[in-house]
Amino acid sequence: MKDKVYVIDTSGFIAQVEFRDGATVTVPGVVDEIMDSTSRLRFDLLKDAGLRVELPDSACLDKVRSTAITTGDASVLSVTDVDILAKALEMKSGYGVILVTDDYAIQNVAANLGIEYMTAATSGIRKKVVWELKCTGCGNVVESGKAMKSGKAVVSGKAMKSGKAMVSGNVVESAIECPICGSGVRRRRVKG
């Protein structure tokens, strides 16, 4: 039986999940996202107990980006989201990895990569989903993550601000525009 490792996203620190039966790992971007003093204290306590902060390897980053494009989640994943997924994927070969996250897009990509995940404070996704970005003006389907450069999704030549789209309901509020008419796009479920 493989040793258990929890790869922790920001929600694992915020919700103060207990990790008694395995090692803990996170990525530098998650550490940067911890803002409140309670979560920071939780991070410090886990760090004192052996929490490792590591960057993922590049091959795993490429695999995560490719999978996120396939599932249609590339437009809503931040650089840190991709890093945490890649770290879980990297560790999966040698450990019994459990990714701790409340982010539905991360859970969807993890499920498609065969990475076990648990939620910190939400119910989580019920099944795998494939999304598309559809123009609200002309109905054109815009490729999700047409290219991903330096961790930012680039769709129709528009780089998303800070590497992550803002999602309000099902509307993707970002620099993503339809290359045909320039209208905004909506994220729409096409499978799952």
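The values are calculated or read from the model by the stated rules, or taken from the named source; none is laboratory data. Quick caveat: nothing in here was measured; it's all calculated off a predicted structure. Methodologically, a virtual Cβ is constructed for each residue, glycine included, from the backbone with ideal geometry; neighbour enumeration extends over all protein chains shown. Heavy atoms of the whole protein, side chains included, go into the accessibility calculation; ligands, DNA and RNA do not. Shrake-Rupley method; radii C 1.70, N 1.55, O 1.52, S 1.80 Å.
Could you go through segment 119-127 and let me know if any residue there is more than 30 Å from Ser183 (Cα to Cα), at pLDDT 95 or above and aliphatic (A, V, I, L, M). For segment 119-127, residues more than 30 Å from Ser183 (Cα to Cα), at pLDDT 95 or above and aliphatic (A, V, I, L, M): absent.
Of the residues making up segment 54-72, those that are open to solvent by 60 Å² or more (accessible area, probe 1.4 Å) and of a type in the set (Val, Ile, Thr) number 2.
Listed here are the residues, each with its yes/no results for (1) in contact with an Asp or Glu (Cβ under 7 Å, 6 or more places away or on another chain); (2) crowded, with 19+ Cβ neighbours inside 10 Å; (3) in contact (Cβ under 8 Å) with a residue 40 or more places away in the chain.
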position: Lys4; (1), (2), (3): yes, no, yes
position: Ile8; (1), (2), (3): no, yes, yes
position: Ser37; (1), (2), (3): no, no, no
position: Leu45; (1), (2), (3): no, no, no
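Only one of the numbered conditions (1) more than 23 Å from Glu18 (Cα to Cα); (2) in contact with a strand residue (DSSP E or B) (Cβ under 9 Å, 6 or more places away or on another chain); (3) crowded, with 20+ Cβ neighbours inside 10 Å is not met by Val79, and that is (3). Taken together, Gly29, Gly114, Gly72 contain a single residue that is of a type outside the set (Asp, Glu) and modelled with pLDDT under 95, which is Gly72.
Scan segment 134-150 and tell me whether some residue there is over 20 Å from Leu99 (Cβ atoms), at pLDDT 70 or above, open to solvent by less than 30 Å² (accessible area, probe 1.4 Å) and not in a loop (DSSP other than H, G, I, E, B). Within segment 134-150, one or more residues are over 20 Å from Leu99 (Cβ atoms), at pLDDT 70 or above, open to solvent by less than 30 Å² (accessible area, probe 1.4 Å) and not in a loop (DSSP other than H, G, I, E, B).
In a residue-by-residue description of segment 36-57, the property of being within 28 Å of Val142 (Cβ to Cβ), of a type in the set (Lys, Arg) and out of contact with any His (no Cβ under 7 Å at 6 or more places or on another chain) applies to no position.
Here Asp21 fulfils each of the conditions (1) charged (D, E, K, R); (2) part of a loop (DSSP other than H, G, I, E, B); (3) surrounded by 15 or more Cβ atoms within 10 Å (Cβ to Cβ) apart from (3).
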